[in-house]
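The values are calculated or read from the model by the stated rules, or taken from the named source; none is laboratory data. Everything quoted here is computed from the prediction, not taken from an experiment. FYI the Cβ positions are ideal-geometry reconstructions off the backbone, even for glycines, and counts take in every protein chain you see. What goes into the accessible areas is simple: the full protein's heavy atoms, side chains included, and nothing from ligands, DNA or RNA. Shrake-Rupley method; radii C 1.70, N 1.55, O 1.52, S 1.80 Å.
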Amino acid sequence: IASTEKDEGAKSDLNLLVLTVASEKNDGYKRFIDSANLNGLKTKVLGFDKPWQGGNMNSVGGGYKLNLYLEALEPYKNNDNLAVLLTDAYDVVILANSSTILNKFTEFDASIVISTENSCWPDRKLADQYPTVDQNGYRFLNSGGLIGYASQLYKFLSEKPIKNLGDDQLHLTNLYLNTDLREKLNIKLDNYAKLFQNVYLAEDDIKLKLVNKSYVLENVNFNTQPAVIHGNGLSKITFNSYTNYIPNKWSPESGCNTCYDNNLDLSMLKEENYPKVLISIIVDKPTPFFDEFLNKIEDIDYPKSRLCLSITTLVDYHKEHVDKFISRIGDQYNASFVFHKTAEESIHARHFSFSLCTSKLCDFLFYIENEAHLDNPQTLKTLIQRNKKIIAPMLTRPFKAWSNFWGALSKDGFYARSLDYMDIVNYNKTGIWNVPYISSCYLMKGTILENKFTRPSYKEDNLDYDMAFSKSLRDKGVFMYIDNQYTYGHLIDSETFDITLKNPEVYQLFENRYDWEQRYIHPEYMENFNPDKKPAEPCPDVFWFPIVTEQFCREFIEIMENFGQWSDGTNNDTRLRTGYEAVPTRDIHMNQVGLEKHWLEFLRSYVLPIQKKAFIGYIHDVCGNENQTKFKQYNSMIPDWIPDMKLYQQETFI
Ligand code: UDX
């Protein structure tokens, strides 16, 4: 009884101090500190602004950390009423307050508790020396998190010296495997993730769970809610995606809780004080609807006196358009540049835009490839206000799951679908998401380009430039964000764009239907379905409807005249199976110019609905019903931001 009373007394006197190491205040560090602050923890950061002396953390190293801890513990070496939590910073978040952490700690009835993982690293040969554990507990020590009474931790770490470049995990392992020391200092491992969760090789054990309308991380194997989560080793990407939700980052009820933290408020600035931005456009492949792309660049809502515009072409096809565009509007910008380069110079051209940005003292570089259409003119301002080192507006190919970000990576570094990918792409979940890969369009702070420790690179190993870019940022610990709080625009699919054709956009009805409609379908088309409006009827049973644009007509005529092989106007027609044309005209068939399926689709999607309306009861379906079902599915995926895409509401097809 006496001893219990003493223990309880000790518990209530017990305080908690968090010690961590961070040689720089990178994104991971900020995330850690935010989580510690959220939980009201007293935290001391060691090694800040001093060169890191612990070696390359991709292999062995980290002894430096232990030496910093030991030095920091010195003043508390006789203190039994202080528990100290030693934890990594860059890949850790804390999910509990000090009383929860202290309760969990004291429940172990140990002087020191060390976190665990499933792999015996860095020396596998030591595995057999570890005590066995039941029920699939994590058997091996991880040095990223430990907690203990200050006095005991001091004894533990001063037991044996370690060189700064020595491996901290190996060092602690050897100390722990010394049975005498383990017993003398009453050291225990947290084998069942009561306090610490290391994520590597435990990905299947942990799940986000909604509790009181916000997410917690639960270990479903051991039915625990660990307080310290560590994305150790190769689990950093998975860990990053968890930290989109915890602690208290996003919930179904409140959405994104931190999206407006530390935002810049442009409305407080006079236009002449707006951040200086270099818009760097890379035109790297022939892409349909390029004129529209350029018009949207011109429409970006931002004071042009604060914008420099650079356009680099890597293909001949668009050079003329670019030259015309720049000669028309270049003068409106603070400065404008055109660079005509070759495909071989692709990486150099991209790196050159970094130098151009820094030489122009830009605050931001807005990188845009010509597949990225910014339909929302507020995109640039919105992204600047987010105040991130690098952030991309989410862009998708309309009707498809294809986007400019990846939520997860496969083992070999390629695309993998994260659990929340479809929810993000479909705007079911909106917010700002830390992701491992972004492409096509992003805003970078000039400061990350100036600093070699954060500057991205388009050249890494033999990777494609876009994968190299994201990998370099991941390796440098710079978080990449994708923003889907608003709808910003969409991506063009240029895979089938055939520039040998006359007016090749006409052929893009299937691949880029949205853009095709914008260019070729009459802006008043939907009025055809307005029940209060009667179509013009120039003579009985003949109706006029706005269906296509003048550009549609012009481009079709040009295609036919370019082809030029008109029939001779007689009844003999070798293009027909029978060879006989009953009602001859001088014409070109759609199939002669490769447009038959496009034309039938055009009739079905845009003419048939009007025909049904005008001639009630007369139904002649050119394509059968199968495609209509497909089309209805497409429509349900269209986000609301593209109102014109909703042209063909379901009732059109009833
Ligand atoms: C694993 C172990 O968990 C860790 O304890 C051990 O030191 C190395 O292996 P890992 O996640 O792979 O950890 O290492 P990493 O997070 O890259 O580095 C450990 C910590 O050292 C960082 O979180 C940070 O707190 C500190 N660090 C590392 C710096 O302060 N500066 C650096 O340049 C590198």
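Some values worked out for this structure:
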quantity: Calculated [θ] (222 nm, deg cm²/dmol) that DSSP helices of n ≥ 4 give over the chain, each run adding -39,500 (n - 2.57); calculated: -8500 deg cm²/dmol
quantity: Within the accessible area of the chain (1.4 Å probe), percent carbon and sulfur; calculated: 49 percent
quantity: Spatially proximal aspartates and glutamates relative to LYS42 (Cα-Cα < 15 Å; intrachain offsets below 8 disregarded); calculated: ASP34
quantity: Per-selection Kirkwood Rh - the chain (Cα, Å, 1 d.p.); calculated: 29.0 Å
quantity: ³J(HN,Hα), Karplus 6.51/-1.76/1.60, whole Hz, each residue of the stretch 275-290, x for Gly, Pro; calculated: x, 8, 10, 9, 8, 10, 9, 10, 9, 10, 7, x, 9, x, 6, 6
quantity: Cα centroid of the stretch 375-451 to Cα centroid of the stretch 102-176, whole Å; calculated: 38 Å
quantity: Helix 626-637 vs. the chain, principal-axis angle (Cα, 0 to 90°, nearest 10); calculated: 50 degrees
quantity: Virtual spin-label span in nm between LEU201 and PHE510, 7 Å along Cα→Cβ; calculated: 4.9 nm
quantity: Entries in LYS285/LYS452; LYS270/LYS381; LYS400/LYS612; LYS533/LYS612; LYS276/LYS296; LYS25/LYS65 that, when Cα-Cα distance is taken, lie over 22 Å; calculated: LYS285/LYS452; LYS400/LYS612
quantity: Per-pair calculated FRET efficiency, R0 = 30 Å: TYR317 and ASP423 via Cβ, rounded to 0.05; calculated: 0.20
quantity: Sequence-distant aspartates and glutamates (8 or more away, or on other chains) whose Cα lies within less than 12 Å of LYS30; calculated: ASP91
quantity: Shape category assigned to the stretch 221-283 from the gyration tensor of Cα positions, a/c cut at 1.5; calculated: prolate
quantity: More than 14 Å apart - percent of Cα-Cα pairs taken over the stretch 319-369; calculated: 62 percent
quantity: Label zone at LYS188 (point 7 Å along Cα-to-Cβ), backbone N below 15 Å, the stretch 113-142; calculated: 113-116, 133-134, 138
quantity: The stretch 102-245, Rg to Rh (Cα coordinates; Rh as Kirkwood inverse mean 1/r); calculated: 0.97
quantity: Solvent exposure of the stretch 387-441 as accessible area per residue, Å², 1.4 Å probe; calculated: 38 Å²
quantity: Exposure rank, largest accessible area first [THR87, THR106; 1.4 Å]; calculated: THR106, THR87
quantity: Net length gained if the chain between ASN591 and VAL133 were fully extended (0.36 nm per residue, minus Cα distance); calculated: 157.6 nm
quantity: Table column - 3J(HN,Hα) (Hz), the stretch 292-302, Karplus curve with 6.51, -1.76, 1.60, x for Gly and Pro; calculated: 5, 4, 5, 4, 6, 5, 4, 7, 3, 7, 6
quantity: Normalised convex hull volume, the stretch 495-587, alpha-carbon set, Å³ per residue; calculated: 171 Å³
quantity: Inter-label distance for HIS348 and PHE529, nm, one decimal - labels placed 7 Å from Cα along Cα-to-Cβ; calculated: 5.3 nm
quantity: Virtual spin-label span in nm between ASN81 and ASN118, 7 Å along Cα→Cβ; calculated: 4.3 nm
quantity: DSSP beta bridges in the chain [antiparallel fraction, %, rounded to 5]; calculated: 55 percent
quantity: R0 of 51 Å, Cβ-Cβ distance LYS50-ASP498: FRET efficiency to nearest 0.05; calculated: 0.30
